[in-house]
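Here's the structure we're looking at; comments come further down.
We did not get these values from a lab; they are worked out from the coordinates using the rules stated. Computed from a predicted structure; not experimentally measured. Cβ placement follows ideal geometry from the backbone for every residue including glycine, while neighbour counts extend to all protein chains displayed.
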Amino acid sequence: MSIGIIVLFIALIPALWKRSGYFVILWLLGSAFLAYEYMEVMFSRAIQDYILTMPMPIGDVSIALNKLSAFFGVMFSLGLPLGMLYGHYYLKEHQSPALRSHLFWLGIMGLSMHGVLWIRHSVVFLMVWELMSLSSFFCILFSKRENMEAGLNYLITMQIGAAFLLAGFGLVYLQSGTFDFSGFEQMKPLPMYLILIGFAFKAGIFPVASWLPQAHPVAPSHVSGIMSSMLIKTGFYGILLVLSLNRLSLSEIAALSFVFTISAFWAVSHLLNERNLKRALAYSSVENIAITGMGICAGLLGMHAHLPAMAVFGFTGAFLHIFFHSIFKAQLFYGSGNILQA
């Protein structure tokens, strides 16, 4: 982890000097190092596990990768530098002081997205989670006053989601006595539901998905592409993390399936009547996350019913959908940016 993350931190230096070309080169280099580490974990038995000692009350912080986080890490290592590269050309006309802060917050957003995949300590995780929300808020604004309303709606929505996470993490600590994610195993229903709802805000699942169709149309297209294809995946990663550590009952699987189904129909009903290209793509992202969730529910149902084929097809379809959505949805937003600038 050290080399790739260090390179991405170094990329913040040219960002502050408005050298977007060097910023992109360093992101490509750092992402290549990270992609190698992620794939090593995915396709072998190699384990990345570190302990970072911090002052009390935080204490020891576990920093580790498993195959789930490595899968998302590979997506981020491919998608983020390409988004930065597109942004370099998209922003060529913007040689204003705002470019400096925009590149800086863009780098912080990417770093924090990688960070949530590594951290296994609820307090530090929430700190990085909030940094991701704050940095993406500033990326949405990009010095445009007309973006403020949509940006504030996004930030407030993320704070409500963070409040659910804080409540859930707090209950887990009271029950397990640890901030480590090992306390997430076999959680009681209330903290599990609170944490799932908190992650749903970021994932863009109905009824807490209203920020997507508001934020994406006003954000620069490279920011829209990164947020829609990758940032919302951090919320879905959190949901999968909780589901992987807890066995759901049949009624809980049914309830989750119902939520994802309603979310998909809600998104499609708005998409069919939408004329704004980027807003339509935002609704499409809500639908795609819902479809992915339905695949996960099919896999969970297969496990519950002891039907291996159903479980394999459900999970395989869901993860393939996650991966290809991260590629193609980004391209659609970048293409829309070209159309809008033509």
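Shape of region 110-260 from its Cα gyration tensor (a ≥ b ≥ c, root eigenvalues): rounded if a/c is under 1.5, otherwise prolate when a/b > b/c, or oblate? Verdict is prolate for region 110-260.
Within straight-line reach of LYS18, meaning a Cα separation under 22 Å, sit the following lysines at least 8 residues removed in sequence or on another chain: LYS92, LYS144.
Secondary-structure-derived ellipticity at 222 nm for the chain, considering helices only, amounts to -26000 deg cm²/dmol, per-run term -39500 (n - 2.57) for DSSP H runs with n ≥ 4. In order along region 323-332, the Karplus-derived 3J(HN,Hα) couplings, from 6.51 cos²θ - 1.76 cosθ + 1.60 at θ = phi - 60°, round to 5, 6, 5, 5, 7, 6, 5, 4, 4, 5 Hz, and Gly and Pro are given as x.
Rounded to the nearest 20 debye, the dipole size of the chain about its Cα centre is 580 debye, using +1 on the Cβ of Lys and Arg and -1 on the Cβ of Asp and Glu. An oblate overall shape is assigned to region 178-267, the ratio a/c of its alpha-carbon gyration tensor axes (a ≥ b ≥ c) being 1.5 or greater and a/b not exceeding b/c. Overall form of region 228-292: oblate. Here a/c, set by the Cα gyration tensor axes a ≥ b ≥ c, is 1.5 or more, and a/b is not larger than b/c. Within a straight-line Cα-Cα reach of under 30 Å, LYS188 can be paired with the following lysines, leaving aside sequence neighbours fewer than 8 residues apart in one chain: LYS67, LYS202, LYS233. Taking the charge dipole of the chain about its Cα centre, with +1 at Lys and Arg Cβ atoms and -1 at Asp and Glu Cβ atoms, the residue from LEU111, TYR283, TRP129 reaching farthest to the positive side is TYR283. Under the criterion of Cα pairs below 8 Å and six or more residues apart, the relative contact order for the chain equals 15 percent. Rounded to the nearest whole Hz, the Karplus-based 3J(HN,Hα) values (6.51 cos²θ - 1.76 cosθ + 1.60, θ = phi - 60°) of region 5-18 follow the sequence 5, 4, 4, 5, 5, 4, 4, 5, 5, x, 4, 5, 9, 6, with x at glycine and proline. When peptides 153-160, 191-198 are ranked by their average number of other Cβ atoms within 10 Å per residue, the highest-first order is 191-198, 153-160. Note on region 185-342: Cα convex hull, mean projected area over all directions, 8.9 nm². Annotation: amide H of VAL61 within the under-5 Å range of LEU52, THR53, MET54, sequence separation 5 or more or interchain, hydrogens built in the peptide plane.
Each of the peptides 22-30, 104-112, 170-178, 224-232 was scored by the mean count of other Cβ atoms within 10 Å over its residues; in descending order, highest first, they stand as 224-232, 104-112, 22-30, 170-178.
Karplus-based coupling profile of region 257-263, in residue order and whole Hz: 4, 4, 4, 5, 5, 4, 4, with θ = phi - 60° in 6.51 cos²θ - 1.76 cosθ + 1.60 and x standing for Gly or Pro. In this rough spin-label picture, where each label sits 7 Å from Cα along the Cβ direction, the GLN341-GLU149 distance is 2.6 nm. Ranked from largest, the principal axis spans of the Cα set of the chain equal 57, 51, 35 Å.
Of the residues LEU340, GLY73, GLY314, the one whose Cα sits farthest towards the positive end of the charge dipole of the chain is LEU340 (charges of +1 on Lys and Arg Cβ, -1 on Asp and Glu Cβ, taken about the Cα centre). In terms of other Cβ atoms within 10 Å, ILE339, ILE239, ILE291, ILE205 run from fewest to most in the order ILE339, ILE291, ILE239, ILE205.
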